[in-house]
Amino acid sequence: MKGLIFNLLEEFLVARCGETEYDLILTNCQLITAEPTLMVGPGSYPDQDFTAIIASAAKRLGLGADELLHEVGRAAIPRLVSRYPQFFSPSKHPRDFFASLNFIHHLEVKKLYKDAELPRFRCENKADGSLLISYISGRGLCHLFSGLISGVADHYQTPLSQRQLACICDGQPECLFEIRFNDNVP
Amino acid sequence: MSHPDETGQFRKKISILQQKVSLLETMVEDRTREAYLYQVELERYQTQLEELIEARTLSLQQAEARYRGLFENAIEGIYQTSPTGKILTCNPAFARMLGYDSPSAIINKVDDLAHDLYVNPADRDRLLRILHNKGKVHGFVARLRRQDGSVIWVESHCRLIQTADSAEPLIEGMSINISRRKEAEETLTTEKERLAVTLQSIGDGVICTDTEGRVTLLNLVTENLTGWNDDEARGLPLTEVFQIINEQTRQPVENPVIRVLREGMTIGLANHTILISRSGQEYAIADSAAPIRCHTGEILGVVLVFRDVTNQQRLEAEIQKIEKLESVGVLAGGIAHDFNNILTAVMGNLSLALRLTDHDDQRHDLLANAGKAARRAIKLTRQLLTFAKGGEPVREVAAIDEVIRESAEFILHGSNCSYSFEYPDDLWSARFDRGQISQVIQNLVLNAIQAMPAGGTIKIRCANQEIEPGSALPLPTGRYLSISLRDNGPGIPLEQIGKIFDPYFTTKEAGNGLGLAITHAIIKKHEGHIEAASTLGAGVTFTIFLPANQDTLETKTTAQPGLEGHASGRILVMDNEEAVRKTCASILAYLGYQVEEAADGREAIALYQAALKTATPFAAVIMDLTIPGGMGGIEAALELRQADPTAILLASSGYSHDQVMANCHHTYGFNGAIGKPYQVNELASALRLALGR
C-alpha cells in the first residue's frame, strides 16, 4: 500500500487525537515497518501495517474498525482535493467523478506512484437515476471506499444516500454500492 | 525560552522531517534516473516512430499510385456521382465506354445523368430507389446513350457512400458494357426457342434427364405417349415417367439412363419393349438413349428418343401374314393347275361319254352323277385358285350379280339377317377380279351383320350409272356399275365416318381395323370408288363404283350352247399332259375335227410348219400355256404368229384366272382361250368362236 494512504491515516489520527496519542497507537501495534513515522507518500508499505494501525486506533478511540475506516475515507477527500485539485473539477457532478475513477487511478495515480496496486471500479447508470458502483480490490477496504463516497458528496455539496448491496468479504466477486442522488440532477 | 520537552519534541520532528526529506530525495533521484532512462527510451521510440512514419508514408504513396493506376487503367468504368446526377469523378474507361475522349470531357458535358445518359430516365430513378432502400445495387442493367447517339447495354454495381466533404451521400460504383453479352443472350434465347420448337415438332418422343436420372425436359410426343406433361414430370425419376417392360416377360426393362451412364455410349432398347402410360395404356416402342456431353466430354445427362411402333409392328405382322398366305397361295395354285389337268381328262371324257350314251341307258345317270361330282371338284379348284391370287386384280369380263349373290349368301348363312338383291336385266358387265370383289362384298355384308346383332335387313342394289363431266364423284367420266349395300343398323357417327377406311380404325373390340381398308384398296385397284353415308339410327349405305366393260358393253356373258357333231378341219393340240391331249383329241374327233398332238411348243411349231407346206394346214392350234421343262404356249404362239400371221391360236390353261388368260387376246395374240377343265360344248364353243364360225 502506498505511503500516501498511511500519511492520510496519520493526518486523520493526529488531527483527531493528537501526536502523543498517535505515537501510543503506533506503539501498541506490531508493525513490519521499522520506522512508521518515516513513511512517505511515494513509498510502499505492507498492507498488514495499515490494518494493524486501524485496529489499534479503533481500540484507542472506542470505535469499530469499519466505522473508523469510513471516517478516514470521508476526511481524506478534502486533503486529496488540496493536494490534487486537478482531479476534482468544480464543474463536475459526483456522478461524473465516480465515472472517472478508473481513469484517475489507472492513468494519473500511476504517473505518481508507479508501483501502486490499484483497485478497479465499474459504474452503471440505472434507468431510475441511481448509480451502481462496484469496488474490486483484494484489500477489501470497502468501508474506506464508502467514506470516500461520502467525502465526495461533501466536496460537491450534493446530498446522496448509499447502500452496500454486496461485499467481497461475504464471498461476492465485488463490493457493490447503490448511490441515489438527492439533487434531482439525472 | 522554550520548555526542554518542547525543544525535544521539536528536535525530534525536525529529525523526522530531515529523514523524510532524505528519503524523498533518494526517491526523487531514483525517479530522475528512471525518468532519464525513460527519456532515452522515448527518444529511441521517437526515432523508430519517425522511421516508421516515413516508411508508412512511402508505402501509402506507393499504394496511392497503385490504386490510381488501377483506377486509371481499369477496363471497367469506375465513377462517383452525386444523387442529383452530376458525375464527380470517373476513370478513362467510363468516359470511353460512353464515347468521350477523357473523364473531364464527360464530367463537363453531363449535368443530369438521368436525361443525358439514360435511354429511359425512369431507370435512373429506379436505381436511386434501390440505393435508398438497400444502400447498394448489384447487377443493375440499363440502356445508356453514348455521345454519338448509339445505345449500349450497361451493367452497374454501386453503393451509397458518406464522405466528409458532402452533406448528402454519394454514389460510387462500377459499370460494364454488356452489349455483346446481351446480343449473345438474345441469340441464345432465339436459339433456345428454335430448339424448343424443333423439339416439340419432332415426331419422336424425347426425354432428357440429369445424371441422377431425373427428368429435365420432355416434348409433346412424350406427353401424349406417357400421359405426363413437362411441368409435372420435371424433377421426377425417369422410371416414374417412362415405365417400360418387356412385352414377353412383363418384367421391367433396365433403366436406360443407368445403362448409358455406366457404358458412356449410345444404346438401343431391346426388342419387344412396351411403354406403359400414366393411364395404363401400352405402346410398343423402339428407342435409343445417348449421353449428353459438354465440350470437355463430361456427361451432363442422358437423352432418350423413342417412337410408337405399335402400328408398324401390326403392319409387319400383317405383311408376314400376307407373305405366308402368298406362299400358301402359290402352292394352292400349283395344286389347282394339276387338278385342272386331271379334271380336264375326267370332265372331258365324262361329258363325251354322256353324249355317246342314250338317255334311256342306265349308264347315262351314272355318268351324269359322275359329271356333277366332277363339277363340284371344278368349283373347289376355282376356289383354290381364287385364294391363290393376291395383289393386283386378275380381271375377267364377268357378270357381277353372280359374284355378289354368292358372296352375300355365303356370309349371311346362319345369321339372323335377311337380304334383298335388286339389279336390272340389262346390267352391264365389268372386268373385275372375282376373288377380290367377292372379298369386298363379304367384308361389307359382315360389317352390316355385326352392326345389327339383333337382326335386320341388308339391301343390295346394282345399277348402271354413267358418270358425266362435273360429277362430284372422284372418277373419270364413263360407264360404271354402282353397287350399294344398305343396312338398318345404328349407323356411324359423323365424326367417325371419315376415318372408317383408315387402316386399323375400328369400333369393334375384336376388330383389327383392316376389313374396310382392304375393301377400299381393292376398289381403288379396280379404278373404282367406294364411299359411305350414314344417318345415326338409320343405318349405313356403302356405294361402290366399278368401271363397266368399255370394250363391248356387253350385258351378262352367256355361253353359247355347244353344237357337237359335224365340224371339219385339222386341229393341233399341244399339252404336256398326255391325258389332257387324249381327252381333247377325243372331244375334237367327236366334234368332227382331225387332230394332231404335240407334247410341247417346239414339237407343235414343227408340226404346224410342216402342215403349212401341205394342202391341209391346221385350222387352229390349242396350246397349253405352261409346259414344265419345255416351250410353253406363249413363246410358241409368238413363233407361230411369225410363221403364219393368220394362224388361229387358242390358249388353254389350268390357271384359268391367270393374267395371260385374262389378256390373251390383247397382249399375246391369241384368238381365244379355253380354261381347263372343260366339257365338250365349252371346247366346241370356244373353238368355233376362234375360227369365226
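Here are a few things to note about the model shown:
- The set of residues in the range A:84-105 being surrounded by 14 or more Cβ atoms within 10 Å (Cβ to Cβ) and part of a helix (DSSP H, G or I) consists of A:PHE87, A:PRO94, A:ARG95, A:PHE97, A:PHE98, A:ALA99, A:LEU101, A:ASN102, A:ILE104, A:HIS105.
- Taking each residue of the range B:12-34 that is within 7 Å of chain A (Cβ to nearest Cβ) and looking for partners that are of a type outside the set (A, V, I, L, M, F, W, C) and in a helix (DSSP H, G or I) with beta-carbon atoms closer than 6 Å, six or more apart or interchain, yields B:ILE16/A:THR37.
- Unique match (being in a helix (DSSP H, G or I), surrounded by 12 or more Cβ atoms within 10 Å (Cβ to Cβ), more than 14 Å from every other protein chain (Cβ to nearest Cβ) and out of contact with any Phe, Trp or Tyr (no Cβ under 7 Å at 6 or more places or on another chain)) among B:ALA55, B:ALA93, B:ALA63: B:ALA93
- B:VAL621 assigned by TED's automatic domain parsing to the domain that holds B:ALA673, buried (at least 16 other Cβ atoms within 10 Å of the Cβ), within 20 Å of B:GLY569 (Cβ to Cβ) and touching a Cys at 6+ places or on another chain (Cβ under 9 Å): no
- Any chance B:GLU326 is at pLDDT below 75 and either surrounded by fewer than 19 Cβ atoms within 10 Å (Cβ to Cβ) or not hydrophobic (A, V, I, L, M, F, W, C) (or both): yes
- Of the residues making up the range B:280-294, those that are assigned to a strand (DSSP E or B) and under 26 Å from B:THR310 (Cα atoms) are B:GLU282, B:TYR283, B:ALA284, B:ILE285, B:ALA286, B:ASP287, B:SER288, B:ALA289, B:ALA290.
- Of the residues in the range B:505-512, none is at pLDDT 80 or above and within 36 Å of the chain's Cα centre (by Cα).
- Per-region count, the range B:432-458, residues buried (at least 18 other Cβ atoms within 10 Å of the Cβ) and not in a helix (DSSP H, G or I): 5
- Scan of the range B:458-480 for residues that are under 21 Å from B:SER534 (Cα atoms), of a type in the set (A, V, I, L, M, F, W, C) and over 36 Å from the mean Cα position of the chain (by Cα), ordered by number: B:ILE458, B:ILE460, B:CYS462, B:ALA463
- Within the range B:37-52, one or more residues are within 14 Å of chain A (Cβ to nearest Cβ), surrounded by 10 or more Cβ atoms within 10 Å (Cβ to Cβ) and in a helix (DSSP H, G or I).
- Of all residue pairs spaced 6 or more apart or on separate chains, those with beta-carbon atoms under 6 Å, a first member in the range B:640-664 that is β-branched (Val, Ile, Thr) and a second member that is at pLDDT below 90 and part of a helix (DSSP H, G or I) are B:ILE648/B:ALA690; B:ILE648/B:LEU691.
- Residue ID - farthest from the other protein chains (Cβ to nearest Cβ), chosen from residues in the range A:33-80 that are in a helix (DSSP H, G or I) and of a type in the set (S, T, N, Q): A:THR51
The values are calculated or read from the model by the stated rules, or taken from the named source; none is laboratory data. Only a predicted model underlies this, so the values are computations on that prediction, with no experimental measurement involved. Quick reminder, even Gly has a Cβ in these numbers, built from the backbone with ideal geometry, and neighbours come from all protein chains shown.
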